[in-house]
Amino acid sequence: MDILQNIEAAFASLDQTQIMMGVVFVAIVLIVMGVSGLFAGRDSVARRLAQGGPRSSGMDMSALPNTGADRQRRFQQLDKYWTPQDEKEFSRAREKLVRAGYRRPSAVRNYYAVRVVMGLIVPITLGLVFPLLSRNIETSTFLLLMSLLIVFGFYAPALWVEREAQYREEAVRDGFPDTLDMLLVCVEAGLGLDAALDRVSQEIRLSHPVIAEELDLCGWELRAGKARLDVLRDFARRVNVLDVKAFVAVLSQSDRYGTSVAEAIRVYSSEMRNKRLMRAEEKANKLPVKLALAAIMFTLPPVLIVMVSPAVVAILHALKGLAE
């Protein structure tokens, strides 16, 4: 009984602000734990290959505890509760995550788990605690707040993944002309296309890391024995950029009809540079219109207020005099 009384006294000494801060902290911890599983999947393959994989060095690997596999089996038992069972829906989610850069086999499971955590667990936790802290809250306001939290929790991960996919597409679209120029230099220097792709991925790693990552993956697939055209088609499907798809079609035709690969790359590289220049000119031509709209929205209202305010004040004084 003394222990329960001490606990009640400890909780009674806390004010509402401290309790709310504790609940928010727990909610943030839950979100971070859920999101970390999804974000940790990016570039995991690249890190493992860069490290050269596990080395035995005289150790018996079977003697090590396989905690990762046990943890994965426990999570797989819960997959059926949130992971889509339809193959088409699962494939669409998988493709969307791959375009955003998340390639782990568990990426789909982690993605839907994050949506469950953010869409149900966190709002329900806050919904149970918030009425205790604010007893005067109306039912309609409380239901509206809970609905907004649930909708935001479900759609925030999807919006994040979509934003990441758009960022990667834009990065590939902007850096693809430079990649083609370097690929042309490597091919004309005597390198084969496979070796040229590997060399280009090393050279553009700092300037265009997204393209370098995709080319690294292409190199790994080629070294694994996959056909070159299949590797390039998968590359175009992953990045989902029209320019890359057209370039893969050009290489496919060049390989089919036996024409020069260097000449095909040279022609297409020139077209890509012109296309990038036209995109830059288009953005520059849109800039005056955007600046004009901003100037109208943020300049015209203050000017009108300054011009009309003296007349409004004079009218108010006149009406006040008439009333007296």
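Read-outs: derived from the displayed coordinates by stated rules, not from any lab. This is a predicted model, so every value here is computed, not measured. Backbone-built Cβ (ideal geometry, glycine too); neighbour counts: all protein chains shown.
Arranged from fewest to most other beta-carbon atoms within 10 Å of their beta carbon, 316, 184 become 316, 184. Can you work out D for the range 240-283 in µm² s⁻¹ from Stokes-Einstein, where Rh is the Kirkwood radius over C-alpha pairs, the temperature is 10 °C and the viscosity is 1.306 mPa s? In µm²/s, the coefficient is 141. For the pair the range 238-315 / the range 199-220, the C-alpha centres are spaced 25 Å from each other.
Panel order for 315, 124, 204, by other beta carbons found within 10 Å of each beta carbon, from fewest to most: 315, 124, 204. Rounded to the nearest 20, the size of the Cβ-charge dipole of the range 149-264 about its Cα centre is 340 debye, with Lys and Arg at +1 and Asp and Glu at -1.
On the principal axes of its alpha carbon atoms, the range 171-278 extends 38, 31, 27 Å, with the longest extent given first. Simple rule: put +1 on each Lys or Arg Cβ and -1 on each Asp or Glu Cβ in the range 272-316, find the dipole, and look at 310, 288, 274; the Cα lying farthest toward the positive end is 274.
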